[in-house]
Amino acid sequence: MENQQYYSTGRRKTATARVYIKEGKGSTQVNGKPLEKYFPIKSLQMTAVAPLKVSDLEGSYDVKAFVKGGGQCSQASALRHGLARAIVTMDSELKPNLRKAGFITRDSREVERKKPGLHKSRKRPQYSKR
């Protein structure tokens, strides 16, 4: 069981994150870059690694993630979802804490599709009286 790697996938909107965790010094790499370089905004960094903090594993596991699609915020949320699922794969006793924090459930909200005859999904053309 030593140096075993755990894998999971996280999703949010159109963003997908493939997350690998294994025991280490606590480094986090996203698409080959350090977390601080990939997500320069502090709140996104905290969002991405929140499952480690909730499960008291911060600093003892290395995280390697590959994210694509969506914007920065949804990529960070997808990383959070994938990380939480990978932690549950590793140790199922941590699942209640992660579920209580809301990290296990996938946020299923997606962008509504554009309908024919409308400008956007619901925005109608301007009414012209004459």
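Against the definition (in contact (Cβ under 8 Å) with a residue 12 or more places away in the chain and assigned to a helix (DSSP H, G or I)), how does residue 44 come out, yes or no? So residue 44 fits the description; yes.
The conditions of being without any contact (Cβ under 8 Å) to a residue 24 or more places away in the chain and either more than 21 Å from residue 109 (Cα to Cα) or of a type outside the set (Asp, Glu) (or both) are met by residue 36. Go through the residues of the stretch 28-44 one by one and say whether even a single one is in contact with an Asp or Glu (Cβ under 7 Å, 6 or more places away or on another chain) and open to solvent by 40 Å² or more (accessible area, probe 1.4 Å). No, there is no match, as no residue in the stretch 28-44 is in contact with an Asp or Glu (Cβ under 7 Å, 6 or more places away or on another chain) and open to solvent by 40 Å² or more (accessible area, probe 1.4 Å). Taken over the stretch 12-27, the criterion of being among the charged types (D, E, K, R) and either outside any strand (DSSP E or B) or surrounded by fewer than 19 Cβ atoms within 10 Å (Cβ to Cβ) (or both) is satisfied by 13, 18, 22, 23, 25. Scanning the stretch 92-130 for residues that are part of a loop (DSSP other than H, G, I, E, B), at negative phi, under 19 Å from the mean Cα position of the chain (by Cα) and surrounded by 10 or more Cβ atoms within 10 Å (Cβ to Cβ) returns 103, 104, 105, 106, 107.
Looking only at the stretch 28-39, residues that are part of a strand (DSSP E or B) and either under 15 Å from residue 51 (Cα atoms) or among the charged types (D, E, K, R) (or both) come to 2 in all. If you check residue 66 against the conditions, is it outside any helix (DSSP H, G or I), within 27 Å of residue 4 (Cβ to Cβ), open to solvent by 30 Å² or more (accessible area, probe 1.4 Å) and of a type in the set (Phe, Trp, Tyr)? Here the answer is yes, as residue 66 does meet what is asked.
Under 12 Å from residue 10 (Cβ atoms), of a type outside the set (Asp, Glu) and in a strand (DSSP E or B): is that true of residue 88 in this structure? No: the conditions fail for residue 88. Residue 53 meets all of the listed conditions (1) outside any loop (DSSP other than H, G, I, E, B); (2) open to solvent by 80 Å² or more (accessible area, probe 1.4 Å); (3) modelled with pLDDT of 95 or more but one, namely (3). Test residue 88 against the criterion of being of a type in the set (A, V, I, L, M, F, W, C) and over 17 Å from residue 6 (Cα atoms), and give yes or no. For residue 88, the condition - of a type in the set (A, V, I, L, M, F, W, C) and over 17 Å from residue 6 (Cα atoms) - is not met. Evaluating residue 73 against the criteria (1) within 14 Å of the chain's Cα centre (by Cα); (2) free of Cβ contacts under 8 Å to residues at least 40 places away in the same chain; (3) open to solvent by less than 30 Å² (accessible area, probe 1.4 Å) leaves one unmet condition, (3).
The values are calculated or read from the model by the stated rules, or taken from the named source; none is laboratory data. Computed from a prediction, not measured in an experiment: that's the story for all the values here. Note that each Cβ is placed from the backbone with ideal geometry, even for glycine, and that neighbours are counted across all protein chains shown. Calculation scope for accessible area: heavy atoms of the full protein, side chains included, ligands and nucleic acids excluded. Shrake-Rupley method; radii C 1.70, N 1.55, O 1.52, S 1.80 Å.
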